[in-house]
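J.: So that we are looking at the same thing, I have put the structure below in structure tokens.
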Amino acid sequence: MIGWLLAAPALAVLALAFLWPMAGLFRISLNRTTETGAMETALTTESYGKLLGDEFIRELVWNTLVLAGSSAAIAVALALPVALMVRAASPRWRGPLALMAIAPLLVSGTARLIGWMAILGDNGLINALLMGLGLRETPWPLINNWTGVRIGLVESLMPYAVLVLIAGLGRLDPRLEEAAATLGAGRVRTFFRVTLPLAAPALLAAWLLALVLGISAFITPRLMGGGRVFVLATEIYDQALEYVNWPAASALAMLLLGGLVLLMLLRAAVAKFAGGRA
Amino acid sequence: MRPSWMLRLFAAFGLLVLLAPGALVLVVSFSAGDFLTFPPPGFSLRWYEALFTHAGLMSALATSALLAAAVSALALLVGAPAAYAIARLDFPGRGVLATLLMAPLLLPTLVLGLGLLLVLQPLGLVATWPGLMLGHSLVAIPFAVRIMTTAFAAVPKELEAAAWTLGATPLRAALRVTLPNAAPGAIAAGVLTFLVSFDETVISLFLVGPRLTTLPVEMFRYAERTTDPLIAALAMSLIVFALLMVAVVERLMGFTRAMGRD
């Protein structure tokens, strides 16, 4: 009992900052937007109906899923060697390596995207190299499009994937890989036949986390897309602040939440399964 | 097993992807040119001068610093007792409590920000200090609780038990023995929650207005409109600040441990 009492102040603040707005969000998603764009108090699922019947929204959902799914997969693929390296490194190097991979988490996302603009822009590093070497006549459009958004998203998801993979690979017994080597398997064979299958639950967990984060990413699509890339998150923002259509924004946010809750339940099931095997 | 050269190569590429944006921001922020051009046409400090004399960004900086200080103080104040309960006490529903306190971190900040806008706007609390503080505590409190739980759990239980044996009440033992021993963790939690609030962008986007606005929001809006080396100079300043904070946390309790989930 004393435990709940000690936590009461924290719970009170969170109830005010979390439960109340979430209840408000749900309530307003049931309101009606009139022809003139004004909000009318009601109890109707009209906003949901409009969204589900809207071709543009269906395309938006699909684009968001493809972007998040592919970015999450690339992020996990790039994070795996980093996590394996952290695991294989000598204790002296383990800390600094992990720190380098995770430190971006605390650096402002906008600041890192400015760096990507300097790398990917028409006058950026990559195009300077390509055109300097005579490989291209005109700049390669790597920014203000889906490519730029995907690259920015991959980088922002990587530290999370590294964190999950370091935790997951830590439970993996290195003696199994040593046994494979002793029995004559080469490095590559050992990796594909022993390490990768054993790491599969951790990889899936990392991908699911990156997917959840990628689906709700807003800053990256907005800045790297240059206003030309539309995903669920940018649409919610525009509906709320540009068109001030609160019922539509809330209904879309509720749909997003529903999808994310399903994915999180799946992630918990994967974690349970992986934990049971380790 | 020693890592193969192939693993080293792939890992180096992964780290390159993670560190490249910071490196480019560093170079471009000292550019003498007018655009984010690489390589820069020359080097100068002009964009840092322009940054520190930019009235709008500097006033947003003051707001953000003050806000982050207030938010991290609030988060520690309400978060520490909760963390102590989770780390030290055995009571029914302890696991549920820990999950409840972490719940806001699971949801997208975009949805949290929208929800806050919808309930705070009718009350006229948008673009006010209480509104922004409430929004930021939403992400700062779970952070503070998580790090403080790790910090409290690291203090040996025997120390507190010894204090009880010597006649201290549980409250006195907690305040005079466990709390001082968890102090480095508490400072680390303060530093990290400060940074979380200082960098918070998406929730703030919904809660700011012309009257009151934060640095990350102004930076985001600036980058949406134009990209010149001024924004790189700002980005570099923020990166240096964040790295300093990370170094402090690393010394106090180990950054990886503070950020880790287990």
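The values are calculated or read from the model by the stated rules, or taken from the named source; none is laboratory data. Remember, predicted model here, so these are calculated numbers, not experimental data. Note that we place each Cβ from the backbone using ideal geometry, even for glycine, and neighbour counts take in every protein chain shown.
J.: What pairs come up if the first residue lies in region A:11-23 and is more than 7 Å from every other protein chain (Cβ to nearest Cβ) and in a helix (DSSP H, G or I), the second is surrounded by fewer than 23 Cβ atoms within 10 Å (Cβ to Cβ) and modelled with pLDDT under 95, and their beta carbons are under 6 Å apart, counting only those six or more places apart or on different chains?
T.: none
J.: Looking at B:GLU49 and the list (1) more than 9 Å from chain A (Cβ to nearest Cβ); (2) free of Cβ contacts under 8 Å to residues at least 60 places away in the same chain; (3) surrounded by 14 or more Cβ atoms within 10 Å (Cβ to Cβ), which single condition is not satisfied?
T.: Result: B:GLU49 fails condition (3) only.
J.: Might you let me know whether region B:12-26 holds any residue that is more than 9 Å from chain A (Cβ to nearest Cβ) and not in a helix (DSSP H, G or I)?
T.: Checking region B:12-26: not a single residue is more than 9 Å from chain A (Cβ to nearest Cβ) and not in a helix (DSSP H, G or I).
J.: Does B:ALA62 count as surrounded by 13 or more Cβ atoms within 10 Å (Cβ to Cβ), among the small types (Gly, Ala, Ser) and not in a loop (DSSP other than H, G, I, E, B)?
T.: Details: surrounded by 13 or more Cβ atoms within 10 Å (Cβ to Cβ): no; among the small types (Gly, Ala, Ser): yes; not in a loop (DSSP other than H, G, I, E, B): yes.
Against the criterion (surrounded by 13 or more Cβ atoms within 10 Å (Cβ to Cβ), among the small types (Gly, Ala, Ser) and not in a loop (DSSP other than H, G, I, E, B)), B:ALA62 does not qualify.
Each row is one residue, and each column tells you yes or no for (1) in contact with a strand residue (DSSP E or B) (Cβ under 8 Å, 6 or more places away or on another chain); (2) facing another protein chain (nearest Cβ under 10 Å); (3) closer than 24 Å to B:LEU106 by Cβ.
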position: A:LEU203; (1), (2), (3): no, no, yes
position: A:ILE215; (1), (2), (3): no, yes, yes
position: A:TYR243; (1), (2), (3): no, no, no
position: A:GLY258; (1), (2), (3): no, no, yes
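J.: Could you give me the residue pairs with C-beta distances under 8 Å whose first residue belongs to region B:117-141 and is within 15 Å of A:GLY24 (Cα to Cα) and facing chain A (nearest Cβ under 10 Å), whose second residue is hydroxyl-bearing (Ser, Thr, Tyr) and surrounded by 18 or more Cβ atoms within 10 Å (Cβ to Cβ) wherever it lies, and which are 6+ apart or on separate chains?
T.: Every condition considered, the pairs that remain are B:LEU118/A:SER250; B:GLY135/B:SER204.
J.: If you don't mind, there's one more thing I want to ask. Can you find a residue that is crowded, with 18+ Cβ neighbours inside 10 Å, without any contact (Cβ under 8 Å) to a residue 24 or more places away in the chain, part of a helix (DSSP H, G or I) and in contact with a Lys or Arg (Cβ under 9 Å, 6 or more places away or on another chain) anywhere in region B:65-88?
T.: Within region B:65-88, one or more residues are crowded, with 18+ Cβ neighbours inside 10 Å, without any contact (Cβ under 8 Å) to a residue 24 or more places away in the chain, part of a helix (DSSP H, G or I) and in contact with a Lys or Arg (Cβ under 9 Å, 6 or more places away or on another chain).
J.: Let me ask you something else. Quick test of your reading of the structure: A:GLY184 fulfils all but one of (1) farther than 26 Å from A:GLY152 by Cβ; (2) crowded, with 21+ Cβ neighbours inside 10 Å; (3) among the small types (Gly, Ala, Ser). Name the failing condition by number.
T.: Only one criterion is unmet by A:GLY184, namely (2).
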